Each structure stands twice: as C-alpha cells, then as structure tokens.
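One structure is given here, and the rest of the page talks about it.
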Amino acid sequence: MSGIAFAGLCIVIFELFASQIVGMFIVEPETLRLGTEFLRICCIATPVMICNFQMSYTVQAMGKGLQSLLLSTCRQGLINIPLLFLMNHIFGLYGIAWTQLLSDGITLIISFALYQKVYRELTASAQSQ
C-alpha cells in the first residue's frame, strides 16, 4: 500500500511539474513538449508497475523462483518488446509511450493468475501435511 501511495504522489508531482522536470534536461521547444506529454503518459503506469513488483516478490518469497523469474521476464521481455513494435506500427511515437502501461497491465493479469495458482498449490500442500 505504501508503494502505491508513493506512486500516486509521484504521479501528482510529475503531472503538475512535468514541463519543469523535462525542462531541466531539454530546452528545444518541440522536444520539451513531447517529453512533457510522454512523462505524463509513462507515469500512469507507476501504480500498476508497483503491483507487478509486489506480485513478483511475493511469489519469490513463497519459494517459487521460477515463477517469479517468469513474471519479471514477461514484464520487460516477453510482453513489452513485442508490444513496442506493434504499438509503434499502429500508433507511431505515441504508441511507444503507451506501451509501458499496456505491458504492465497485461503482466498484472498474468501476475494475479500465477499468484492464485501458487497460493492454491501451497495451501493444498499445507493442508495435506
């Protein structure tokens, strides 16, 4: 919950001060405009990203390292990279900016499904002992 609360705070700060933050690194007006828009888009993925990290850590703490590795690999490799190509092809530059949110959303669905499976297995194993 604290991770999600911190993510919410960061989103508010980045939304309110996006142009100032990007302006610390970029001065060209058109690039500054695009950078500001992309920062705002990318920040939306932060709470979903936090949930994915928590799910991966939880599954790992349950002693399921392979499943945790799968979740981490899904997020950046198996889902994100193909989506970058697809979203760029369909929506262009803005598609790339929205890819992180979409990738994290898909990974979150996979994370919850995998968590439920691991939890049921551990519960059944504990009850049989």
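Put simply, of SER72, SER56, SER111, SER128 the only residue that is surrounded by fewer than 13 Cβ atoms within 10 Å (Cβ to Cβ), more than 25 Å from PHE17 (Cα to Cα) and modelled with pLDDT under 95 is SER128. Of note, LEU108 does not satisfy the criterion of being more than 28 Å from GLY35 (Cβ to Cβ) and in a helix (DSSP H, G or I). Looking at THR36, THR31 in this structure, which one is out of contact with any Lys or Arg (no Cβ under 9 Å at 6 or more places or on another chain), of a type in the set (S, T, N, Q) and buried (at least 16 other Cβ atoms within 10 Å of the Cβ)? Step by step, each of THR36, THR31 is checked, and only THR36 is out of contact with any Lys or Arg (no Cβ under 9 Å at 6 or more places or on another chain), of a type in the set (S, T, N, Q) and buried (at least 16 other Cβ atoms within 10 Å of the Cβ).
Pairs meeting the criteria (first residue in region 18-43 and on the phi < 0 side of the Ramachandran plot and touching a residue at least 40 places away in the same chain (Cβ under 8 Å), second residue among the aliphatic types (A, V, I, L, M) and assigned to a helix (DSSP H, G or I), beta carbons under 7 Å, at least 6 apart or on different chains) are PHE38/ALA97; ILE41/ALA97; CYS42/ALA97. Just a yes or no: is a residue in region 84-105 more than 26 Å from THR36 (Cβ to Cβ), among the β-branched types (Val, Ile, Thr) and surrounded by 13 or more Cβ atoms within 10 Å (Cβ to Cβ)? Scanning region 84-105 turns up no residue that is more than 26 Å from THR36 (Cβ to Cβ), among the β-branched types (Val, Ile, Thr) and surrounded by 13 or more Cβ atoms within 10 Å (Cβ to Cβ). Taken over region 16-50, the residue count meeting the criterion of being of a type outside the set (Lys, Arg) and closer than 26 Å to ILE109 by Cα is 12. Put simply, of MET24, MET1 the only residue that is surrounded by fewer than 17 Cβ atoms within 10 Å (Cβ to Cβ) and either polar (S, T, N, Q) or modelled with pLDDT under 85 (or both) is MET1.
The values are calculated or read from the model by the stated rules, or taken from the named source; none is laboratory data. A quick note: this is a predicted structure, and the numbers were derived from the prediction, not measured. Heads up, the Cβs are rebuilt from the backbone with ideal geometry, glycines too, and the neighbour counts pull from every protein chain shown.
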